[in-house]
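First up is the structure itself, then whatever we jot down about it.
The values are calculated or read from the model by the stated rules, or taken from the named source; none is laboratory data. Computed from a predicted structure; not experimentally measured. In this analysis, Cβ positions are derived from the backbone assuming ideal geometry, glycine residues included, and neighbour counts consider all displayed protein chains. The accessibility values were calculated without ligands, DNA or RNA, using every heavy atom of the protein model including side chains. Shrake-Rupley method; radii C 1.70, N 1.55, O 1.52, S 1.80 Å.
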Amino acid sequence: MGMAVAMLIGLWIWDELSFNTYHKNYDRIAEVKANANYNGVVYTIDSHPMPLANEIRASYGGDFKYVVMSTANEQHILLAGDKKFTQSGRYMQPEAPDMLTLNMLKGSRNSLKQLNAILISSTVAEKLFGSADPVNKIIKIDNKFAVTVTGVYEDVPANSDFADVTFIAPFDFYLSSYDWARKKYTNWNNISINIYTQLNPGADFDKATTHIKNVLANHAVGDMAKRKPALFLQPMSRWHLYSKFENGANVTSDQLQFVWFYGIIGLFVLLLACINFMNLSTAHSEKRAKEVGIRKAIGSVRSQLIKQFYSESLLVAIFAFLFAIVLVQLSLPWFNDVAGKKIGILWNDPLFWATGLVFTFFTGLVAGSYPALYLSSFNPVKVLKGTFRAGRFAAIQRKALVVLQFTFSIMLIIGTIIVYRQVQLAKNRPLGYTQNRLLQVQINSPEFQNNFNILSNELTNSGAVTDVAASASPVTSIWSTNTGFTWQGKQNTKQTEFSTIAVSTGYGKTVGWQFVDGRDFSKQMSTDSSGFVVNEAAAALMGLKNPVGETIDWDQVKDKHFKILGVVKNMIMESPFKQASPTFFFIYNRDGMNCMFLKLNPNVSASNALAKIGAVFKKINPSTDFQYSFVDDEFNKKFAAEERIGKLAGAFAALAIFISCLGLFGMASFMAEQRIKEIGVRKVLGATVFNLWQLLSADFIVLVTIALLIASPIAYYFMHKWLQGYEYRTEISWWIYAVTAIGAIVITLLTVSYQSIKAALANPVKSLKSE
């Protein structure tokens, strides 16, 4: 069991450490980022103006083999014949496939030089074309742009930052297809694209960073110029485990902390199993004492005995390794589901088997070291005269190992409870809107926008929905932030950033806004196009006691003075573990809408409502792919990382307790056997079964109590430190320790009671007849 847990965690850690190594240029690829000063705080950004890539390429081409512009990974509808699927992909410059060393199954990596080309993954090719050859077939993107398939690449593995890129189209095609993108191609004030680079052989990341550091600052205008952006290269090797930046400094990410956390758990669970082996071996030392005495008497030296005991331990470890592989193979589906991975045993990897052998050898040595050194030290004269007894120090060592076992197990239990409470606290937090029966549909084609009013009317008339609205952001995300707002009483020296969300007039009613003051947008009031609905966080940040009716100027909209129409309760749109972002909501035209929201009719079952909605979408937008999600499901995804920690920690805690209890069971069996004559005498003198149960259980309760006293402050220290990473966090209450203590004692009593009661019920005549 211990080896199986360690192997599972080892495979998980390998998957994390080998992230992005699928790309052969892994050690020379980097993303261009920038640190920008904003109100004394340094923010790290990864979106840039388009001219930046050309400037880096032209001025510092000696450092770089490739400088590649790319859009963010976005969802688009791909159509081929009567088949259509929503897929995520990017528009990238032609060098991207070479830089990423995509494994081409058909076609050529260089084919993105053709304007109307597209490369698709093998999964997309199978979806759209089945077993037919997709090369030279026509695909439509969002039923608007026709492109030709020029290549099919192997699916990028899950442990890559490009795993979700299921198609790549030329960046030049993106420019030719969207007027706004073409106009921004030479605009240094528009931040919209990612830039990836590959260094030339012999080039150095630090030197290349020094060369490009001031390029953006030298050309930036407007707000960006005030922020004094400094460019730097983030190597691909640091994208995953070092993706977090605080005040411009690259710090350890949560994912790297998980690697250490699970790694330590794996080692400790394996150590628990080794401790059991040591304990039971030394506990039964008296049974093997005569064997050791005879071997020594007939000429065996201590080194030979040490080798014998190590060999026994290694043999056990080898069989354990074989059983562990079977257990791992059986548990991988569950483990992958909980961990959100696609891990498998690396059957064909020589490194896996070499590591497995070293792992087995190490486990055998650790498990067998103490028994080998202890048993081989017995004095043959004392053993064969019958005067040998395992000393009190052997018992102390066994007890110390039991304390160590339970200390670790109790720490895991406390940690699991606190993680669970943190998740539940955030889940029970007031949302500021109504999730129930709220459907979210991404607007991913011009047809959606053009037919929005018709679609809205048809959906309402179908009886499946009661309200329809649209927004530039999902309810569970914020996609836009802005500065440049002024109002009466504002300190002009301070630049304040607000989240800005464009919505349709029915948005508040559809999502269930909760007004604190003022009113909602109204279709009947044309002046509402110059109005803001703000949340409580925004009103507090602006320092307005009576915000309704106050005027706000926005430097991006020169000819308008916005008035605050109403104040709503804070909506939890981003992380449920953070304070709500100060947010302005405003009316915008349909071209800026990215999401549609549908409030399902409570009098119609969800399945019937979805069928009716699907029929309406097919009628109004026949070429689009109707894909929806429930807002509560999207919101629950925000707890995935914390729930994953909790589930894995809980599972490992259960295994640690199980392994510890196996050791306790064996120890209780040994102690009952060792004290069998004492128990017989006590029974003859009138001791009851309850008296004997107390006697035999007391030692173990003391050991567990010591473990509780050691584990509690250690668990508090680490869990308190973990909680500091959350703005919105639970408290570590005293009852957590009380529940853990009671649970640990009950588990201990249940484990040892069988052996204790069995010994207490034994007939004393059998144990004392030899006396």
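Residues considered: Leu327, Leu357, Leu351. Of these, the only one that is of a type outside the set (Gly, Ala, Ser), at pLDDT 85 or above and either surrounded by 15 or more Cβ atoms within 10 Å (Cβ to Cβ) or not in a helix (DSSP H, G or I) (or both) is Leu327.
Scanning region 163-200 for residues that are in a strand (DSSP E or B) and within 31 Å of the chain's Cα centre (by Cα) gives Phe167, Ile168, Ala169, Ile193, Asn194, Ile195, Tyr196, Thr197, Gln198, Leu199. Annotation: of all residues in region 209-247 being farther than 14 Å from Ala34 by Cα and of a type in the set (A, V, I, L, M, F, W, C), the one that is least open to solvent (accessible area, probe 1.4 Å) is Met236. Considering region 7-50, the residues that are part of a helix (DSSP H, G or I) and either among the aliphatic types (A, V, I, L, M) or within 15 Å of Pro229 (Cα to Cα) (or both) include one that is most open to solvent (accessible area, probe 1.4 Å), namely Leu17. Residues in region 330-348 that are open to solvent by 50 Å² or more (accessible area, probe 1.4 Å), at pLDDT 90 or above and within 20 Å of the chain's Cα centre (by Cα): Pro333 only. Beta carbons closer than 6 Å, at least 6 apart along the sequence or on distinct chains, pair a first residue in region 506-529 that is part of a strand (DSSP E or B) with a second that is of a type in the set (A, V, I, L, M, F, W, C) and open to solvent by less than 40 Å² (accessible area, probe 1.4 Å) for Phe515/Val568; Val516/Val567; Asp517/Val567; Gly518/Leu565; Gly518/Val567. Within region 634-654, residues that are touching a residue at least 24 places away in the same chain (Cβ under 8 Å) and assigned to a helix (DSSP H, G or I) sit with their Cβ atoms under 6 Å from residues that are among the small types (Gly, Ala, Ser) and open to solvent by less than 40 Å² (accessible area, probe 1.4 Å), at 6+ positions apart or across chains, in these pairs: Ala649/Gly415. If you go through region 577-602 and keep only what is among the basic types (Lys, Arg), at pLDDT 80 or above and either in a loop (DSSP other than H, G, I, E, B) or open to solvent by 80 Å² or more (accessible area, probe 1.4 Å) (or both), you end up with just Lys578. A residue that is closer than 11 Å to Val165 by Cβ, open to solvent by 40 Å² or more (accessible area, probe 1.4 Å) and in a loop (DSSP other than H, G, I, E, B) can be found somewhere in region 73-81.
Taking the condition touching a Pro at 6+ places or on another chain (Cβ under 6 Å) and either in contact (Cβ under 8 Å) with a residue 60 or more places away in the chain or within 21 Å of Pro94 (Cβ to Cβ) (or both), does Leu216 pass? So Leu216 passes the test.
Among all residues of region 717-727, there is none that is touching a residue at least 12 places away in the same chain (Cβ under 8 Å), among the small types (Gly, Ala, Ser) and surrounded by 13 or more Cβ atoms within 10 Å (Cβ to Cβ). Exactly one residue among Val124, Val135, Val152, Val147 is assigned to a helix (DSSP H, G or I), surrounded by 15 or more Cβ atoms within 10 Å (Cβ to Cβ) and in contact with a strand residue (DSSP E or B) (Cβ under 7 Å, 6 or more places away or on another chain), and that residue is Val124. On inspection, Asp254 qualifies as open to solvent by 70 Å² or more (accessible area, probe 1.4 Å) and of a type outside the set (Lys, Arg).
Yes/no per residue for (1) in a helix (DSSP H, G or I); (2) within 21 Å of Phe652 (Cα to Cα):
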residue: Phe321; (1), (2): yes, yes
residue: Ser331; (1), (2): yes, yes
residue: Lys342; (1), (2): no, yes
residue: Ser369; (1), (2): yes, no
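Restricted to region 173-196, and to residues there that are in contact with a Lys or Arg (Cβ under 9 Å, 6 or more places away or on another chain) and free of Cβ contacts under 8 Å to residues at least 60 places away in the same chain, the residue that is surrounded by the most Cβ atoms within 10 Å (Cβ to Cβ) is Leu175. Sub-6 Å Cβ pairs linking a first residue in region 13-42 that is basic (Lys, Arg) to a second residue that is surrounded by 17 or more Cβ atoms within 10 Å (Cβ to Cβ), at least 6 apart or interchain, are Arg28/Gln198; Arg28/Leu199; Lys33/Thr44; Lys33/Phe232; Lys33/Gln234, ordered by first then second residue. Of the residues making up region 24-60, those that are touching a strand residue (DSSP E or B) at 6+ places or on another chain (Cβ under 7 Å), within 20 Å of Thr71 (Cα to Cα) and among the charged types (D, E, K, R) are Glu31, Lys33, Asp46, Arg57.
To keep it simple, each residue is scored yes or no on (1) open to solvent by less than 20 Å² (accessible area, probe 1.4 Å); (2) in contact with a helix residue (DSSP H, G or I) (Cβ under 7 Å, 6 or more places away or on another chain); (3) over 16 Å from Gln488 (Cβ atoms); (4) modelled with pLDDT of 90 or more.
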position	(1), (2), (3), (4)
Phe532	yes, no, no, yes
Glu536	no, no, yes, yes
Gly543	no, no, no, no
Asp559	no, no, yes, no
Lys563	no, yes, no, yes
Gly566	yes, no, yes, yes
